[in-house]
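Below is one structure, written out as structure tokens; the observations come after it.
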Amino acid sequence: MSVIELEGVVKRYQSGEEVIEALKGVDFHADRGEMVTVIGPSGSGKSTMLNMIGLLDTPTEGTVRLDGRDVTNFTEDELTEERRSTIGFVFQAFHLLPMLTATENVELPSMWDTKRDRHDRAVDLLQRVGLGDRLSHTPSQLSGGQQQRVAIARALINEPEILLADEPTGNLDQDTGRTILEELTRLKEEENIAIVAVTHDEQFVEYTDRVVRLVDGEVQS
Amino acid sequence: MSITSALWRFPSVQMAWRNLGRNRIRTALATLGIVIGVVAIASLGIAGVALQQQATANLGTLADEVTVTAGEDSTTEGVTEEQVEEIRGLAGDAAVVPKKSNRTTLTSRDGQEARVSVTALTEASALYDVSAGDNPDRLQSGALLTNSTATQLGFELGDPVEYDGRLYRIRGLIESQSGFGGGGNELVLPLSALAEQQYYDSVTIVAADGQEAQRIADAIEARVNEDDEEVLSVTSFASVQENIDSFLNTLNLALLGIGSISLVVASVAILNVMLMSTIERRGEIGVLRAVGIRRGEVLRMILAEAAFLGVIGGVVGAAVSFAVGLVVFQVLAGDPTLVFGWESIRYLLIGFGFAVFASVLSGLYPAWKAANDPPVEALRG
Ligand SMILES: Nc1ncnc2c1ncn2[C@@H]1O[C@H](COP(=O)(O)OP(=O)(O)OP(=O)(O)O)[C@@H](O)[C@H]1O
Ligand SMILES: [Mg+2]
């Protein structure tokens with residue numbers, strides 16, 4: 001069974017008089033242990049689709065299934081709970097909190113869970129992405145590649161089933177991008193998670209198990 | 001660091017503390033606004049208290065006294081024995097002191113002279129404080145003389161003074177009174193000294209407090225003075241005290257009003273600062289929401305930031321107001337420790353409470369707005 005499934009997903013945006021159809025009936029699925037890359041021209045709806053998969057946004061039409069459960073009509077609070085327990089995010093712009101150390105940034109998604117102490121897992125994850133000696137550095141003291149690795153560790157802190165990445169190498173040079181990709185591939189296997197990445201980066205194709213091509217809001221086969 | 005570790009158990013509070021630390025100047029300026037508001041409320045309040053206490057102290061025991069003299073419509077030249085009995089009946093536990101008065105000139109051994117007012121009465125201790133000698137409850141013989149007069153004329157305890165051809169030994173020296181009623185040279189003699197005077201010139205009633213004095217004054221007025229007649233003229237300072245009190249209360253309210261306005265201004269500043277900082281951190285808050293931080297948790301975090309501004313501003317403001325209070329009491333009352341009285345400490349608590357309340361109130365809208373911002377929109381920037 002697929003961890004995440006989109007079925008006939010349509011997303012329309014109303015901007016003034018005009019209605020923009022960003023997704024025109026997309027079918028998609030991703031399984032554990034698999035890395036799926038979504039590619040396509042700018043404005044083709046890649047980010048929009050990733051937001052649906054990440055339960056950050058709800059479709060205008062169609063169905064979203066998480067572990068086989070229909071979550072399409074979940075309330076914002078229910079979606080938040082699902083995001084917290086099942087989904088990890090990595091952003092193009094890293095989005096680390098500047099006043100927190102690397103370890104604290106990794107702990108952030110579990111911070112309000114006072115019942116469980118995730119400190120040890122945070123340190124372990126940072127060591128696994130090669131930042132064992134940067135635990136108490138703040139983002140401003142880290143390079144771009146290091147920051148993105150902190151962000152990956154943060155995405156994994158709550159043991160998610162899916163890791164979503166929107167242009168994770170977009171702000172990094174080619175070599176750094178490659179190390180991030182190697183990191184992701186390794187973690188995908190270690191943690192047995194599904195990775196869905198949106199990218200323009202040609203390197204991705206080497207590491208990926210499957211490529212989904214999106215053009216003008218539709219999946220090309 | 002100790003504060004951070006103490007708050008570790010409250011993630012919202014901890015995050016709030018960190019967030020405030022990010023832009024120290026902005027935090028300091030927002031706090032300064034609150035400090036000014038608290039200082040305005042608390043120190044104006046304390047100044048009001050100081051004024052009130054000072055006015056009450058100046059009025060002294062005068063407010064507790066009622067003075068009765070013969071009125072315009074009296075058929076006699078003074079207050080009669082029957083009227084005194086009637087007053088005693090109405091006065092309850094209060095001391096009733098009928099007095100006869102006159103004036104005379106005292107001459108010292110070396111020929112120095114001093115004009116004194118002569119008061120003849122029995123219940124000396126009810127009206128006078130004596131600094132040397134004794135202060136009889138019933139003055140049957142001897143005399144009391146004001147201390148300053150005795151010093152001026154070189155009289156000492158046991159010396160005789162002459163009045164109306166008779167000699168009286170000085171048994172006690174009257175302490176010069178502070179307040180409105182004090183001052184003047186006074187010779188106090190037994191009633192027998194003015195025996196030829198048939199009526200009393202005045203009756204002084206000393207009640208336990210101003211309210212009791214007012215009650216007695218009203219009772220006498222009601223009993224003896226029918227319609228517009230004024231058989232006895234009843235004077236009470238309790239009403240003066242009341243007027244002063246009500247004036248000072250109004251003044252206090254006005255001062256508090258001015259203070260509150262500055263706190264309102266401060267909370268508008270907090271609203272502005274909180275709104276700015278949540279808008280600046282929009283993407284960051286979007287990330288929090290994306291990784292599964294609940295709306296309520298974001299809300300609490302931002303409210304905690306506002307509350308922190310209020311608490312810090314409130315504490316600093318209360319400390320400054322306390323210092324101001326010390327100065328005010330030193331200047332008005334000459335005793336800075338009076339600021340420790342509940343009356344003034346109360347205003348420190350009120351100022352602090354208002355600061356926290358106003359800050360949290362100002363934080364509500366920014367917090368609500370940030371918590372309910374859809375994460376997709378927030379992440380888009
Ligand atoms: N909130 C919105 N309101 C209106 N239109 C939107 C909104 N979000 C996306 N769109 C439109 O939907 C379409 C798809 O946008 P999307 O961001 O998914 O593209 P993308 O494939 O991620 O592009 P890029 O490679 O440039 O990031 C675009 O035409 C965009 O203008
Ligand atoms: Mg995009």
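The values are calculated or read from the model by the stated rules, or taken from the named source; none is laboratory data. Note that this is a predicted model, so its numbers are computed, not measured. As a convention, Cβ positions derive from the backbone with ideal geometry for all residues, glycine included, and neighbour counts pool all protein chains shown. Just the protein is used for accessible areas: all its heavy atoms, side chains included, with ligands, DNA and RNA removed. Shrake-Rupley method; radii C 1.70, N 1.55, O 1.52, S 1.80 Å.
A few points about this structure:
- Segments B:39-52, A:173-186, B:138-151 sorted - mean Cβ within 10 Å per residue, highest first: B:39-52, B:138-151, A:173-186
- The peptide list B:350-361, B:82-93, A:25-36, put in order of mean Cβ contacts within 10 Å with the highest first, becomes B:350-361, A:25-36, B:82-93.
- Most positive-pole-ward Cα, A:ILE157, A:THR169, A:GLN92, against dipole of the stretch A:66-221 from beta carbon charges: A:ILE157
- Helix A:174-191 and the long axis of chain A differ in direction by around 90°, with both axes built from C-alpha atoms.
- Computed from backbone phi, the HN-Hα couplings of the stretch A:198-215 come to 9, 7, 9, 6, 4, 4, 3, 4, 4, 8, 8, 8, 7, 10, 10, 9, 10, 10 Hz, rounded to whole numbers (Karplus: 6.51 cos²θ - 1.76 cosθ + 1.60, θ = phi - 60°; Gly and Pro given as x).
- Principal-axis analysis of the Cα atoms of chain A puts helix A:119-128 at an angle of about 80° to the longest axis.
- Share of carbon and sulfur in the accessible heavy-atom surface of the protein assembly as shown [1.4 Å probe, %]: 52
- Values of log10 I(q)/I(0) for the stretch B:1-94 across q = 0.12, 0.20, 0.25 Å⁻¹ run -0.71, -1.03, -1.18, by the Debye formula with one identical scatterer at each alpha carbon and no solvent.
- Averaged over the residues of peptide B:290-301, the number of Cβ atoms from other protein chains lying within 10 Å of each residue's Cβ is 6.
- In the stretch B:232-305, the ratio of gyration radius to Kirkwood radius, Rg to Rh, stands at 1.51 when only Cα atoms are counted.
- Degrees between helix A:76-86 axis and first principal axis of chain A (Cα, 0 to 90, nearest 10): 50
- Using only alpha carbons, the stretch B:79-234 has a radius of gyration to Kirkwood radius ratio (Rg to Rh) of 1.01.
- Long-range amide H partners of A:GLY62 with built H, under 5 Å: A:VAL10
- Accessible area (Å², per residue) of the protein assembly as shown, counting only protein heavy atoms and a probe of 1.4 Å: 46
- Tensor-based shape of the stretch B:165-253 (alpha-carbon gyration tensor, a/c under 1.5 rounded, otherwise prolate or oblate): oblate
- Taking amide hydrogens as placed 1.01 Å from N in the peptide plane, the amide H of B:VAL97 sits under 5 Å from those of B:THR204, B:ILE205, B:VAL206, each at least 5 positions away in sequence or on another chain.
- Cα pair distances of chain B binned at 10 Å [whole percent]: 5, 17, 18, 14, 12, 10, 9, 8, 5, 2, 0
- Its residue count N fixes a reference of 2.2 N^0.38 Å for the stretch B:40-150, and the Cα radius of gyration divided by that reference is 1.49.
- Prolate/oblate/rounded call for the stretch A:12-73, Cα gyration tensor, a/c under 1.5 rounded: oblate
- The order of B:ASP218, A:ASP67 by accessible area, most exposed first and with a 1.4 Å probe, is B:ASP218, A:ASP67.
- Bridging of A:LYS24 to lysines at a Cα separation below 26 Å is possible for A:LYS11, A:LYS46, once same-chain residues fewer than 8 apart are set aside.
- Residue-averaged beta-carbon neighbours from other chains (10 angstrom radius) around B:366-377: 2
- Residues whose amide H falls under 5 Å from that of A:LEU163, counting only those 5 or more places apart or on a different chain, are A:GLY88, A:ALA194, A:ILE195, A:VAL196, with hydrogens built in the peptide plane.
- Of the DSSP H helices in chain B, those whose Cα atoms cover at least 20 Å axially and whose Kyte score averages -1.0 or more: B:24-59, B:210-224, B:238-280, B:295-333, B:342-371
- Cα extents of chain A along the three principal axes, largest first (Å): 50, 40, 38
- Scaled radius of gyration (Cα, divided by 2.2 N^0.38 Å) that the stretch B:268-367 gives: 1.48
- For the pair B and A, total buried accessible area rounded to nearest 100 Å², probe 1.4 Å: 2500
- For the stretch B:30-85, a Kirkwood hydrodynamic radius built from all Cα pairs, placed in the Stokes-Einstein relation at 25 °C and 0.890 mPa s, yields a translational diffusion coefficient of 154 µm²/s.
- Scattering profile of the stretch A:132-221 at q = 0.17, 0.26 Å⁻¹ [log10 I(q)/I(0), Debye over alpha-carbon scatterers]: -0.78, -1.47
- Rounded to the nearest 20 debye, dipole of the protein assembly as shown from Cβ charges on Lys, Arg, Asp, Glu: 2660
- Packing, taken as the mean count of other beta carbons within 10 Å per residue, orders the peptides B:271-278, B:127-134 from highest to lowest as B:271-278, B:127-134.
- Only Lys, Arg, Asp and Glu carry charge here, each on its Cβ (+1 for the first two, -1 for the last two); on that basis the stretch A:1-142 has a dipole of about 420 debye about its Cα centre.
- Residue-averaged beta-carbon neighbours from other chains (10 angstrom radius) around A:109-118: 4
- The aspartates and glutamates whose alpha-carbon is closer than 16 Å to the alpha-carbon of B:LYS99, local same-chain residues fewer than 8 away aside, are B:GLU65, B:GLU77, B:GLU81, B:GLU82, B:GLU85, B:GLU86, B:GLU123, B:ASP137, B:GLU186, B:GLU196, B:ASP201.
- Under the criterion of Cα pairs below 8 Å and six or more residues apart, the relative contact order for chain A equals 31 percent.
- The per residue volume of the convex hull around the alpha-carbon atoms of the protein assembly as shown is 241 Å³.
- Based on the Stokes-Einstein relation at 10 °C and a viscosity of 1.306 mPa s, and on the Kirkwood radius from alpha carbon pairs, the stretch B:104-152 is assigned a translational diffusion coefficient of 132 µm²/s.
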